[in-house]
Every structure is written in C-alpha cells, then in structure tokens.
Amino acid sequence: MTVQRSTTSGLPIGGGEMGQLIREKDWSSTPLGHPDHWPQSLRTTLNILLASKFPKFLWWGKELTCFYNDAYRPSLGSEGKHPSILGMAGKEAWPEIWHIIKPLMDKVLDNGESLWFENLLVPIHRNGKIEDVYWTFSYSPARNDDGTIAGVLVTCAETTQEVLLKRKLESSERNLRLIIQQAPASIATFKGPDYVTEIANSNALELWGRKAEEVMHKPILEAMPELVGQGIKDLLDDVYTTGNRFAASELPVQLLRDGKLKTVYINFSYEALYDANGKIDGIISIGHDVTDQVIAHKKIEANEEKLTMVIDASELGTYDFNIKTKKLDGSKKLHEIFGLNEADDIDHESFVNSIYTKDQAIRNAAFEKSFKDGNLAYTCRINTPEQHTRWIEVKGKVHLDEEGNPHKVLGTVRDITTEKVNIQKLEESEQKFRLLADSLPQHIWTADPEGNLNYFNQSVYDFSGFSSERIEQEGWISIVHPDDKAGNIKAWTESVSTGKDFLFEHRFRKYDGTYRWQLSRAKPQFNEDGQIQMWVGSSTDIHDQKEFTNELERLVIERTNELAQNVKDLASMNKELQSFAYISSHDLQEPLRKIQTFSTLLLENEYDNLTDDGKEHFKRMQNAAKRMQALISDLLAYSRTSISDRKYEPTDLNKLIVEVKMDLKEELAHHQAILESEELCTLNIIPFQFRQLLQNLVSNSLKFSAKDREPHISISSEKAFGSELELDRLSPNTKYCHLRISDNGIGFEEKYAERIFELFQRLHGREKFQGTGIGLAIVKKIVDNHNGYITAHGKPNEGATFDIYLPEKQ
C-alpha cells in the first residue's frame with residue numbers, strides 16, 4: 001500500500017496502530033525534536049517501515065531512537081515494551097540485550113555493513129518476564145539526507161516455534177533410533193540407490209556377523225560382498241523402484257561366519273522409506289534369525305519323509321468305509337493283501353468274514369472305541385480265499401458329519417505277516433517323532449489329505465489349556481480369535497483344495513484368556529504319484545515382533561507427516577518472502593517517478609538559469625534516475641519470474657524469435673547486427689517468460705559486441721536424450737531440447753562462467769557498458785522455472801555461447 005503524507009506535520013498518514021501512535025506522540029521532548037525538523041530520509045524510511053507487512057524496527061539518530069511497525073508489534077508480547085519504547089533511546093528500551101545488539105549496530109553504523117543472522121537467541125522482556133526468543137533478522141544502514149549513516153533498519157522474523165519444533169523432531173528421531181536399537185528384531189535402514197547402511201541395531205549386527213564400523217555408512221553390498229549373487233540386490237532394487245513391500249520366511253542366505261560361508265535362515269521384510277516429498281529415499285529391513293527353527297522343521301520333515309518311506313515300503317492298502325451305507329472302497333494293494341484280483345469286489349461283509357473268529361472281538365472293540373475317539377487301530381489275522389493266514393494291521397480315522405456323528409472311516413491295511421516282529425521298532429520310531437515334536441516351542445500339527453487335523457504336539461495343549469478330548473470335540477479353530485476365523489478357514493480351505501502351502505497370521509487364545517499373534521504355515525506331503533498324503537504344519541509366536549512392527553510403522557508415519565507439514569510451512573514462508581520482494585520493488589517506483597517528474601520540470605523551466613556545474617550535476621541526476629528505473633524494472637521482472645503462475649504451453653520458438661526481432665528492431669539496426677536462426681523446435685514452455693529470456697540474451701550480445709566488427713548472433717536447437725548431450729547433470733533417459741545462442745562479441749574469461757548468472761554481478765564497469773547486472777540472473781531464473789539447465793562459455797575478444805537444456809515434457 002502507498003503511505004500518504006501530511007501536509008502540515010510531515011508525518012505519515014496510515015500505517016495502522018503504530019502510524020497513529022507516531023502521529024500522536026509529542027516528539028518535541030525527544031532528541032529528534034519536532035517532526036517538522038526531521039530529515040526527509042527519516043520520513044521516507046518511516047513510510048517504508050509502516051507500509052511493510054513484514055516485521056521492521058528502526059533505530060535513528062545519536063540516541064538510536066526506537067520506531068517499529070504493526071507487524072513487529074506482536075513480538076513485544078502483551079505485557080512488555082509496547083508502546084512505551086516508541087521514541088525511547090535504544091539503550092533504555094533494550095537494557096537486557098543491549099550488550100548483544102549494540103556491537104552489531106556498531107558494525108552497521110561504523111562500516112555501513114549489512115548483517116544477517118538466522119535463528120539467533122536474543123532473550124527479551126515481554127509478557128512480564130525475560131523470555132528466550134529466537135530470531136532470523138538483518139541489520140541494514142539507514143542513511144540521512146546527506147548520505148551518511150543515521151540509523152539501523154531491522155527486518156526480522158521470530159523463529160522461536162520453528163527452532164523448538166526442530167529440536168522436538170531431533171528428539172523424536174533420537175527416540176526412534178533408541179527404540180530400534182532396543183528392539184528384539186534385527187532392524188536396519190539403507191539410504192539411497194547404493195543402499196548405504198544408516199541404522200543397524202545390535203541384533204542386525206549379530207545376524208550379519210559384523211561390527212558397526214564394518215558396515216555403518218557404507219553400501220551394504222560392499223560391506224557384505226558375500227550377498228552379491230544371492231538375489232538380495234534384485235529384491236532391494238524392486239522395493240526401491242516400485243515401493244512394493246517384500247516379505248520372506250525362512251529365506252536361506254549365505255553369510256560369512258568365522259571366515260566361512262554359513263547358511264542362515266531368515267524371516268524378514270523390506271519396506272520402502274519416503275522423504276518429505278513422498279519420494280523413496282531408502283529401505284528399512286526387519287528380520288529374525290530362524291535358523292534353529294528351520295533346522296528343527298527340517299528334522300521333522302526328514303522324520304516325516306522317513307515315515308512316508310516306511311509306509312510305502314510297508315506296501316499299505318487303503319480303504320474308505322462309509323459307516324451308514326456299509327460301502328467299502330479298497331485300494332489295489334488292499335485287494336492283494338486279501339488275496340483278491342483287482343477286478344473282484346471287496347465289500348464290508350466279506351472283509352469282516354475273512355477275519356479270524358477269535359479276532360472278531362478285537363475288531364469290534366476297536367470300532368466301538370473309534371466312534372468315541374475317532375481313531376481306528378487294531379491288528380488281527382485273516383484267511384485268504386486260498387486259506388492262507390495273514391497278519392494285518394488296520395488303521396483308520398473316523399470322520400464326523402455336519403451333525404457330529406461318525407460318517408466314514410479312512411484308513412490303511414498293512415500286511416504285517418512277515419514284519420510283525422518289527423512292530424515294536426516302528427512304534428519306537430513313532431514315539432521318537434512325537435517326542436521331537438513335543439520338545440519344540442512351536443505348535444506342531446498334522447492333517448490328513450482332506451485337511452482334517454489329526455495330531456497336535458504338547459505345546460498346543462500347554463498353550464491352550466485344552467485337553468486332547470476337548471480339541472477333538474471343539475476343533476483347532478476354537479482357539480482362533482473370532483475376527484481371524486473366517487480368514488483362517490478360507491485360507492486353509494484354499495490350500496487344501498489347491499495343494500499350495502498354507503501361510504497365515506492369526507491370534508490364538510491362551511489358557512489365561514489373552515490372545516497372541518502366531519504365524520502358521522503348513523506344507524503338503526506328496527507321494528510318488530503327486531498325491532497329498534498329509535499336511536504338516538507349525539505355528540510360531542510372533543506377537544512381540546508384530547506389536548513392535550506396528551508401533552514402528554506408526555512412529556514412521558507420524559514422523560513422515562510431521563516432516564511433510566514442515567516442508568509445507570517452509571514453502572508458504574518462501575512464497576510470502578517472494579511477494580514481499582515484489583511489492584517492495586514496486587513501491588520504490590513512486591518516489592522515483594517524482595524525481596523524474598520534477599527533473600523534467602527543471603529541465604523545461606530552470607535549466608538555463610543553472611550554472612555549468614549545476615547543469616553537470618543535473619545531467620548526472622537524470623542519468624542516475626534512469627539507471628534506478630532500469631534497476632527497478634529488472635528487479636520487478638526478476639520477481640515475476642519467481643511468483644508468477646507457471647502455465648506451460650506448446651510454443652513454436654521460431655515465432656518467439658520473430659517477436660524478439662521486432663522488439664529489438666532499432667537496437668539491431670543501430671549495431672548493424674545480424675541475427676540468424678535455424679529451424680527451431682516447438683517446446684512446452686511459459687511463453688512470456690521464454691520471450692523475455694531470448695530478448696535478454698540477444699540484448700546481452702548487442703551490449704557486449706566488439707567495436708571492430710559487426711555483431712553476428714546465431715541461434716540453433718536440437719532434440720536429444722540426456723545421454724547424447726555434453727552435460728553430466730542431465731538425466732540419461734530424458735529427452736531434452738538443446739538451445740544454443742552464440743555471438744562474436746567481446747566474450748569473457750571462462751572462470752566467470754558461473755558468476756555471470758548471479759544477481760547484480762558485472763564483469764565490466766558501468767562507464768563502459770550500461771546495465772543493472774540482473775539480465776542474466778533473470779535468464780537463469782526462467783531456465784530454473786522450466787526445470788532446465790543453462791551453461792555459458794566464452795573467450796575474450798572472440799565471443800560467448802549460451803547452452804540451454806530444457807526437458808521436452810514438463
């Protein structure tokens with residue numbers, strides 16, 4: 001906004017509360033005296049200060065009298081220095097920090113040096129007490145009418161909350177690292193595409209068999225070269241590029257232990273880590289060494305395989321007996337055992353009649369028992385049609401119908417005539433298997449090919465508090481959490497029907513009524529014909545790991561959200577700073593227009609009355625005003641490149657060149673310059689910004705043209721992938737438009753190739769070449785707005801070349 005001036009007192013009109021207080025204050029009793037005697041520079045500075053929406057403070061005069069605007073007012077608190085310090089000497093107003101700020105002001109007052117501080121602790125008295133307050137601020141010289149330094153202008157912002165938030169985030173990160181270090185799992189984080197180890201807790205180091213100094217802050221595949229070729233890098237690359245989680249159970253990995261490779265089995269997962277912009281910047285690994293469990297499983301599987309081999313070697317016959325219909329289906333081997341041809345029918349009646357009369361009671365008692373406990377088992381003698389006597393071992397499982405009644409018996413018949421003496425050995429083998437299963441902390445269980453569970457180790461009974469009879473009656477599913485039952489049944493049914501491995505996480509009810517998470521898995525055991533003979537399963541307690549993983553994920557999400565909010569707040573602050581720079585530059589034009597207006601009136605009405613020295617001074621004043629006008633225009637242009645909306649449009653660069661030639665027609669003619677361009681490409685750009693870019697570069701070539709030859713400016717373009725262009729910063733797989741502008745002017749030394757794009761940088765004095773030193777900075781800003789790159793090359797007295805690389809797609 002523009003601050004109006006009072007024609008009576010010279011004090012500003014407007015400026016909010018502080019403007020009103022300044023106008024109402026009796027200044028005659030202060031060292032500054034009545035406002036009518038104040039210098040114009042003080043009034044101008046106050047106008048700028050009061051009009052600003054950014055916190056500003058001014059110390060003026062020998063006593064460093066205090067002024068401040070409405071934006072600064074909240075920093076003084078509710079019970080502090082406002083409004084008493086207005087017009088007060090600085091030393092009296094700020095006694096608690098005078099020893100801090102006075103030396104800073106002396107640097108500005110004595111040397112004209114501008115100072116900048118970020119997040120500096122400067123305690124002040126406000127709200128009735130001394131408070132620790134952090135500031136980001138600048139001190140700049142405020143000059144009197146004669147150009148001498150008369151005061152210090154402060155532009156500041158209180159950053160106490162930002163500093164405290166940063167400390168809170170750092171504390172949160174330390175706590176997170178502490179949690180990771182104390183976690184029972186092996187946890188590590190890897191940063192970047194090289195997977196540099198950033199965090200690794202003691203469990204991870206123990207699992208890897210490494211010391212911290214061997215792996216920390218190093219690419220994990222370099223620190224552990226034995227992992228190369230084991231597929232680990234492919235897994236990491238997939239998670240890093242897609243963000244998909246990877247989890248594996250009992251994965252065998254070769255790790256170096258005591259100088260030798262050893263196979264270690266690991267349950268682990270890879271999760272992508274994201275930065276504040278939502279981009280993947282690392283991976284977290286959570287794992288458990290399950291080598292002992294896997295070895296135990298393998299022993300069980302080996303025993304099961306041995307048992308299967310024993311059964312196969314024993315030449316078992318199988319049967320399926322329907323209790324209600326009395327229908328008996330028997331296998332080929334069953335026919336052989338009973339001395340029948342495969343084509344002969346074998347029914348229930350002939351089966352029973354073939355049993356020795358003395359052994360009928362054994363058979364009947366076994367059936368009665370099987371209806372109670374579900375297991376059929378007996379041995380007896382039979383007579384074959386050829387009247388041969390054979391010993392058979394009959395086993396079976398009674399299956400219940402939906403009403404819980406015995407429905408059928410599935411079982412086997414084995415000819416043990418020549419092997420009866422080995423029964424004891426087989427029973428001992430079975431006892432060893434069960435003893436091994438009962439010694440494991442995991443829950444071990446088996447099921448028949450139809451998925452009916454028929455065995456549980458002792459761990460199941462100890463955990464659930466159920467007896468074998470209760471589990472037989474209520475079933476294994478009865479201890480599963482109600483919320484997990486449906487998924488459990490669905491997954492188990494699918495595995496049984498498809499033959500695929502069963503893997504499921506669910507909660508089991510303990511004997512004390514609490515629930516704990518379990519990882520259950522089961523594998524089908526196939527016979528030589530590829531048919532499932534049985535299922536062997538285990539359930540491992542993962543409750544602690546599950547709870548920790550959930551808590552860790554919650555903390556990671558919470559911290560990610562906090563970082564995202566901080567980035568959002570920072571972007572908002574940057575936008576406000578850009579708007580402030582634009583408005584400030586715009587308001588500078590008002591006093592400049594008055595200077596130019598009054599100088600024009602002097603030129604028209606009073607010029608002839610001036611002395612020769614006066615005319616020379618007048619001429620220098622006009623030139624200074626023109627330079628100021630050019631500087632402000634360039635500053636406004638630079639600001640617009642930062643704050644304007646970026647609307648990209650497909651644009652023919654050839655049309656922009658035509659427009660630039662028209663705009664610079666007089667300058668080109670004045671320098672007798674040749675501007676030629678090849679057929680240029682069409683590109684997705686911000687048209688008005690890119691037109692300004694081309695105009696600035698052509699104007700730059702004209703300005704720095706050589707006096708002994710006609711200027712020659714050449715513009716060309718090409719499209720190519722980053723890998724085909726001579727700039728390492730380009731993305732190899734991205735297609736770019738390469739635009740080159742070259743001239744035959746005075747050129748420059750190569751060491752200044754970066755400096756020329758900096759704001760207010762000049763390689764030559766103003767007396768030789770006019771300009772503000774902003775033109776190429778605007779060009780650089782426009783290229784940045786298009787996500788591109790610009791480089792410059794030159795040779796003294798030969799010319800300069802500017803190369804611009806813009807991505808084809810924005």
- Task: Find all pairs meeting these conditions: Cβ atoms under 6 angstrom apart; at least six residues apart or on different chains; first residue within the stretch 374-398 and crowded, with 19+ Cβ neighbours inside 10 Å; second residue part of a loop (DSSP other than H, G, I, E, B) and β-branched (Val, Ile, Thr).
- Result: Glu393/Ile416
- Item | strands (runs of 3 or more DSSP E) contained entirely in the stretch 222-323, each with at least 1 residues that are surrounded by fewer than 17 Cβ atoms within 10 Å (Cβ to Cβ) and basic (Lys, Arg) | 246-257, 260-274
- Query: Tell me, which strands (runs of 3 or more DSSP E) lie completely within the stretch 38-125 with 1 or more residues that are assigned by TED's automatic domain parsing to the domain that holds Lys25 and of a type in the set (Val, Ile, Thr)?
  - Reply: 65-68
- Message: I'm trying to understand the selection: among the residues of the stretch 694-714, which are outside any loop (DSSP other than H, G, I, E, B) and either at pLDDT below 90 or not assigned by TED's automatic domain parsing to the domain that holds Asp663 (or both)?
- Response: Gln695, Asn696, Ser699, Asn700, Ser701, Leu702, Lys703
- Message: I need the full set of residues from the stretch 438-495 which are of a type in the set (Val, Ile, Thr) and closer than 26 Å to Ile295 by Cβ, in order please.
- Response: Ile444, Thr446, Val460
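Looking only at the stretch 680-696, decide whether some residue is free of Cβ contacts under 8 Å to residues at least 24 places away in the same chain, out of contact with any Asp or Glu (no Cβ under 6 Å at 6 or more places or on another chain) and either of a type in the set (Val, Ile, Thr) or surrounded by 20 or more Cβ atoms within 10 Å (Cβ to Cβ) (or both).
No, the stretch 680-696 has no match at all.
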- Note on the structure: Ser84 meets each of (1) under 47 Å from the mean Cα position of the chain (by Cα); (2) among the polar types (S, T, N, Q); (3) exposed (fewer than 13 other Cβ atoms within 10 Å of the Cβ) with one exception, condition (1)
- Query: Can you tell which of Glu676, Glu666, Glu649 is assigned by TED's automatic domain parsing to the domain that holds Glu718, touching a helix residue (DSSP H, G or I) at 6+ places or on another chain (Cβ under 7 Å) and either modelled with pLDDT of 90 or more or surrounded by fewer than 19 Cβ atoms within 10 Å (Cβ to Cβ) (or both)?
  - Reply: Glu649
- Query: Looking at the stretch 31-81, which of its residues are touching a residue at least 60 places away in the same chain (Cβ under 8 Å) and at positive phi?
  - Reply: Gly61, Leu64
- Task: Would you check which residues across the stretch 438-468 are touching a residue at least 12 places away in the same chain (Cβ under 8 Å) and assigned to a loop (DSSP other than H, G, I, E, B) and list them?
- Result: Leu440, Pro441, Gln442, Asp448, Pro449, Glu450, Gly451, Asn452, Asn457, Gly465, Phe466
- Message: Return the pair list, or none, for Cβ contacts closer than 8 Å from residues in the stretch 723-741 that are modelled with pLDDT under 90 to residues that are charged (D, E, K, R), at least 6 apart or on different chains.
- Response: Leu727/Asp803
- Message: Being over 22 Å from Ile532 (Cβ atoms) and either modelled with pLDDT of 85 or more or not acidic (Asp, Glu) (or both) narrows it down to one residue among Thr446, Thr417, Thr412; which is it?
- Response: Thr417
- Checking Ile477 against (1) assigned to a strand (DSSP E or B); (2) more than 22 Å from Asn267 (Cα to Cα), the condition it does not meet: (1)
- Task: Those residues that are more than 15 Å from Asp289 (Cα to Cα) and in contact (Cβ under 8 Å) with a residue 24 or more places away in the chain, I need them from the stretch 259-269; list them, please.
- Result: Leu261
- Query: From the set of residues in the stretch 202-221 that are at pLDDT 85 or above and assigned to a loop (DSSP other than H, G, I, E, B), which is nearest to Asn267 (Cα to Cα)?
  - Reply: Arg210
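The values are calculated or read from the model by the stated rules, or taken from the named source; none is laboratory data. This one's a predicted model, so the numbers in the text were calculated from it and none came from an experiment. Using ideal geometry, Cβ is built from the backbone for each residue, glycine included, and neighbour counts are taken over all protein chains shown.
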